[in-house]
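**Q** The structure follows.
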């Protein structure tokens, strides 16, 4: 996988995911984001870096819609607007990010071997954003 920075769309798999999102009608984008998250969550055993990268990108799109979430500003991110996501995607995003950060995740392993902790910290911040928003919604 080609990676050029720590951002959620700064790798080949995530950039391809963004391109695919732009190619479908807006009504199909939530399903694609959901599928990327569910794939990471449901993977038994070792999580390949490609599935992990798509899950991080999908979670970043969910986080961008949360209070305090940062908009996706990467030139490699989707160009087309994202729909309003269903509330349950926040919990899915948090669970997928937990899976990506786990010991049996190739993406976490590769970044761990790099000795650069900035990627892990950026994923943790994404998770905090979706969890914080989820907690606010759940308390209503």
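**Q** Give the range 39-50 a look and list any residue that's assigned to a helix (DSSP H, G or I) and farther than 12 Å from residue 108 by Cα, or say none.
**A** From the range 39-50, those assigned to a helix (DSSP H, G or I) are 39-42, 49-50; that's our starting set.
Correct list: 39, 40, 41, 42.
**Q** Return the residue satisfying two criteria in turn: it lies in the range 62-107 and is free of Cβ contacts under 8 Å to residues at least 40 places away in the same chain and touching a helix residue (DSSP H, G or I) at 6+ places or on another chain (Cβ under 6 Å), and of such residues it is farthest from residue 124 (Cα to Cα).
**A** If we take residues in the range 62-107 being free of Cβ contacts under 8 Å to residues at least 40 places away in the same chain and touching a helix residue (DSSP H, G or I) at 6+ places or on another chain (Cβ under 6 Å), then 71 is farthest from residue 124 (Cα to Cα).
**Q** Is there a residue in the range 4-13 that is within 12 Å of the chain's Cα centre (by Cα), at pLDDT 95 or above, part of a helix (DSSP H, G or I) and over 16 Å from residue 126 (Cα atoms)?
**A** Among the residues of the range 4-13, at least one is within 12 Å of the chain's Cα centre (by Cα), at pLDDT 95 or above, part of a helix (DSSP H, G or I) and over 16 Å from residue 126 (Cα atoms), which makes the answer yes.
**Q** Output the residue which, of all residues in the range 84-107 that are in a loop (DSSP other than H, G, I, E, B) and in contact with a strand residue (DSSP E or B) (Cβ under 9 Å, 6 or more places away or on another chain), is surrounded by the most Cβ atoms within 10 Å (Cβ to Cβ). Break it down stepwise before answering.
**A** The first filter runs over the range 84-107 and keeps only residues in a loop (DSSP other than H, G, I, E, B), leaving 84-87, 102-104.
Still in the list and also in contact with a strand residue (DSSP E or B) (Cβ under 9 Å, 6 or more places away or on another chain): 102, 104.
Values: 102: 15, 104: 12.
Among them, the one singled out is 102.
Here is a yes/no grid of residues against (1) surrounded by fewer than 21 Cβ atoms within 10 Å (Cβ to Cβ); (2) touching a strand residue (DSSP E or B) at 6+ places or on another chain (Cβ under 6 Å); (3) under 19 Å from residue 5 (Cβ atoms); (4) at pLDDT below 95:
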site	(1), (2), (3), (4)
35	yes, no, no, no
42	yes, no, no, no
46	yes, no, no, no
54	no, no, yes, no
62	no, no, no, no
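**Q** Follow-up. Of the residues 51, 109, 128, 113, which single one is under 14 Å from the mean Cα position of the chain (by Cα) and under 21 Å from residue 12 (Cα atoms)?
**A** Details: 109 fails: under 14 Å from the mean Cα position of the chain (by Cα); 128 fails: under 21 Å from residue 12 (Cα atoms); 113 fails: under 14 Å from the mean Cα position of the chain (by Cα).
None of the other options fit; the residue is 51.
**Q** Consider the range 14-38. How many of its residues are touching a helix residue (DSSP H, G or I) at 6+ places or on another chain (Cβ under 9 Å), free of Cβ contacts under 8 Å to residues at least 12 places away in the same chain and assigned to a helix (DSSP H, G or I)?
**A** Number of matching residues: 3.
The values are calculated or read from the model by the stated rules, or taken from the named source; none is laboratory data. None of these values were measured; they are calculated from a predicted model. All Cβ positions, glycine included, derive from the backbone under ideal geometry; neighbour counts span all protein chains shown.
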